[in-house]
Amino acid sequence: MKHLVLGGVRSGKSAFAQEQIAACAKPVCYVATSQVWDDEMASRVRQHKDNRPKEWQLIEEPLALASVLDSLNTPEQAVIVECFTLWLTNLLCLEDDARLESEKCALLQAVERFEGDLVLVSSEVGLGIMPMNALARRFGDEAGAMNQALAKLTDRVTFVAAGLPLPLKS
């Protein structure tokens, strides 16, 4: 089972995604893509850690997601990846378009060939106004394209708003 969970900031998507992966009854690996840049982000990371089971394996990888997924690719494994928009931000901050394209292509291939249970968490960023600066517009474009590509590769897609899941694909 491959499941994409979308939602806005503080929509409840993380809690919903964690419930989905926990229901797989397999060993869970939580793959975190965030980087701690300031005290506020450190607080968010701490809150996420406190809200998930202690027995879950944790891998922190801000850039090379494809290689992590490949290393965990077995039918007996359950993996949750959070979050794709943070991952894209990390790659965009490198200002290396070749690396961005390479990582995106490798990631989509890794998702396609993944044999275990996989829950992917991503922010839906296309519901607001058009941003004023070029980087923010590019981020929205990249996130939208990535979410569409992931939605095609997954069996299920759920949009979460106000803590309520809305199935988009099942």
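The values are calculated or read from the model by the stated rules, or taken from the named source; none is laboratory data. Just so we're clear, the structure is a prediction, and the values are computed from it rather than from any experiment. No Cβ is skipped: glycine too gets one built from the backbone with ideal geometry, and neighbour counts run over all protein chains shown.
When each of ALA143, ALA110 is tested for being outside any strand (DSSP E or B), under 20 Å from TYR30 (Cα atoms), of a type outside the set (Asp, Glu) and in contact (Cβ under 8 Å) with a residue 24 or more places away in the chain, the lone residue that passes is ALA110.
Scanning segment 25-65 for residues that are surrounded by 11 or more Cβ atoms within 10 Å (Cβ to Cβ) and in a loop (DSSP other than H, G, I, E, B) yields a count of 12. Can you find even one residue in segment 115-128 that is over 30 Å from GLU95 (Cβ atoms), out of contact with any strand residue (DSSP E or B) (no Cβ under 8 Å at 6 or more places or on another chain) and either free of Cβ contacts under 8 Å to residues at least 12 places away in the same chain or among the acidic types (Asp, Glu) (or both)? Checked segment 115-128: at least one residue is over 30 Å from GLU95 (Cβ atoms), out of contact with any strand residue (DSSP E or B) (no Cβ under 8 Å at 6 or more places or on another chain) and either free of Cβ contacts under 8 Å to residues at least 12 places away in the same chain or among the acidic types (Asp, Glu) (or both). Comparison of ASP50, ASP96 shows that the only residue that is modelled with pLDDT of 95 or more and more than 13 Å from the chain's Cα centre (by Cα) is ASP96. All of LEU135, LEU69, LEU108 fail the test of being more than 16 Å from ASN147 (Cα to Cα) and within 13 Å of the chain's Cα centre (by Cα), apart from LEU69. For ASP70, the requirement of being assigned to a helix (DSSP H, G or I) and under 20 Å from GLN57 (Cα atoms) is met.
Within segment 129-170, being of a type in the set (Lys, Arg) and in contact with a strand residue (DSSP E or B) (Cβ under 9 Å, 6 or more places away or on another chain) holds for ARG156, LYS169. Evaluation of LEU91 against the conditions (1) more than 20 Å from VAL36 (Cα to Cα); (2) buried (at least 16 other Cβ atoms within 10 Å of the Cβ) shows that the sole unmet condition is (1). Tell me, please, whether a residue that is assigned to a helix (DSSP H, G or I), loosely packed, with under 14 Cβ neighbours inside 10 Å and either of a type outside the set (Ser, Thr, Tyr) or touching a residue at least 24 places away in the same chain (Cβ under 8 Å) (or both) can be found in segment 74-81. For segment 74-81, residues assigned to a helix (DSSP H, G or I), loosely packed, with under 14 Cβ neighbours inside 10 Å and either of a type outside the set (Ser, Thr, Tyr) or touching a residue at least 24 places away in the same chain (Cβ under 8 Å) (or both): absent.
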